[in-house]
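Structure, as structure tokens:
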Amino acid sequence: EEIVFARTSPQQKLIIVEAFQRSGQIVAVTGDGVNDSPALKKADIGIAMGIAGSDVSKEAADMILLDDNFASIVTGVEEGRLIFDNLKKSIAYTLTSNIPEISPFLFFILLSIPLPLGTVCILFIDLGTDLWPAISLAYEKAESDIMKRKPRDPEADRLVNERLISVSYGQIGMIQASAGFFVYFVIMAENGFHPKRLIGLRKDWDDISNQCVEDSYGQQWSFVDRKILEYTCHSAFFVSIVIVQWADVIICKTRKLSVFQQGMNNWVLNTGIIFETCLAAFMCYTPGLDKALRVYPLRIWWWFPAMPFSLLIWVYDELRRLILRKYPGGWVERETYY
């Protein structure tokens, strides 16, 4: 519905703006004269004309159209939505890896298992491998439906909301943590420590005076050998997070569209995936880092156990977004569309 008010006074314009704001609307006002100044000032965003506008209206406005072209407003709205979208995507990507980073310490305390992931590796993730991909999402182009969406609710649709936390922490983050623990238990089992043997082992494992801790097959392990195995698991857990973050950054490219619709044309992001993989390999295989940072080299096949989890993340989120597109306004959208 459209309503046209003609020959309105400055006071009446102000009343109209206030009436829309009381009804919960976001109000934009355009104007070029002194009479428009009160409404420009009161509006959520006041837009003055750069060529024909008076100095008073320009001072009262939040934005000035330098070319006096109203089509520039639409371009500005699209750019604003793109910035908001990309900030959400970058936050969603960054938050996800918190779960596989903190869960090893919870299991370390609650189940008394040898520590699966060290603090040095967490710093590698937060200050190294995650930085480039997170920044690269700022270069993501707009989704094709960005101007078809309804205006967002400023009270409910905030930059970080409960749905974003639910997807990042409760869904994708849990799959990533599962990948890390799967790799951890695989390496431990290959070296003789089955999962059941690891529970409650922490006290003996970290006891420097205990040089004969037995594994599941009765083989005895010295303190030095145990620590080498533990630090190798740290490296493997770190690499597994990098691998599942491949899928995470790809699914964060879009909020509703399929990756096939969006394409993989963001070469800053593509290069970021290559960079984080190369950095992880550099950390694992550079001579001397095992002594300096306690990051030990991995057997090549220890890179692969996390890959099915990476594929699972991508398939899971593709299906979630398919349901979002097929059943708009449904339960999945209400609970997971961030």
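With viscosity set to 0.692 mPa s at 37 °C, what whole-number translational diffusion coefficient in µm²/s follows for region 292-334 from Stokes-Einstein and a Kirkwood radius over Cα pairs? Don't skip to the end; give the middle numbers.
Values: Rh = 13.3 Å.
Stokes-Einstein gives a translational diffusion coefficient of 247 µm²/s.
In this structure Ile250 has an accessible area near 40 Å², from a 1.4 Å probe over the protein heavy atoms. In order along region 225-231, the Karplus-derived 3J(HN,Hα) couplings, from 6.51 cos²θ - 1.76 cosθ + 1.60 at θ = phi - 60°, round to 5, 4, 5, 4, 5, 5, 5 Hz, and Gly and Pro are given as x. Taking the DSSP bridge list for the chain and keeping only pairs wholly inside it, about 20 percent are antiparallel.
Mind checking the log10 I(q)/I(0) for region 68-227 at q = 0.15, 0.19 Å⁻¹? Debye, one equal scatterer per Cα, no solvent, two decimals. The calculated log intensity ratios at q = 0.15, 0.19 Å⁻¹ are -0.89, -1.19. Overall size of region 134-215 from C-alpha positions, given as principal axis extents largest first: 66, 26, 21 Å.
List nothing, just return the count: lysine pairs in region 1-146, 8 or more apart or interchain, with Cα separation under 25 Å. Please list the in-between numbers first.
Details: Lys13/Lys41; Lys13/Lys42; Lys13/Lys58; Lys41/Lys58; Lys42/Lys58; Lys88/Lys141; Lys89/Lys141.
For region 1-146, the number of qualifying lysine pairs is 7.
Straight-line reach from Lys291: taking Cα to Cα under 15 Å and skipping same-chain neighbours fewer than 8 places apart, the aspartates and glutamates in range are Asp225, Glu230. Using only the alpha-carbon atoms, how far is helix 10-22 inclined from the longest principal axis of the chain? Give it as 0 to 90 degrees, nearest 10. Roughly 30 degrees between the two axes. Annotation: region 102-177 has a Kirkwood hydrodynamic radius of 16.0 angstrom, from the mean reciprocal C-alpha pair distance. Sorting the Cα pairs of the chain by distance into bins of 10 Å, from 0 upward, gives 5, 21, 23, 17, 14, 9, 6, 3, 1, 0 percent per bin. Could you give the distance between the Cα centres of region 209-288 and region 1-46, to the whole Å? Comparing the Cα centres of region 209-288 and region 1-46, I get a distance of 55 Å.
Test of understanding: express the Cα radius of gyration of region 1-101 as a ratio to 2.2 N^0.38 Å, with N the residue count.
Numbers: Rg = 18.0 Å, N = 101, 2.2 N^0.38 = 12.7 Å.
In units of the 2.2 N^0.38 Å rule of thumb, it is 1.41.
Dividing the convex hull volume of the alpha carbon atoms of region 174-235 by its residue count gives 79 Å³ per residue. Taking all Cα-Cα distances within region 208-335, those exceeding 25 Å account for 46%. Applying the Karplus relation 6.51 cos²θ - 1.76 cosθ + 1.60 with θ = phi - 60° to region 28-33 yields 3J(HN,Hα) values of 10, 10, 10, x, 9, x Hz, where x marks Gly and Pro.
The values are calculated or read from the model by the stated rules, or taken from the named source; none is laboratory data. If you're wondering where the values come from, they're calculated on a predicted model, not measured in any experiment. With ligands, DNA and RNA removed, areas are computed over all heavy atoms of the protein, side chains included. Shrake-Rupley method; radii C 1.70, N 1.55, O 1.52, S 1.80 Å.
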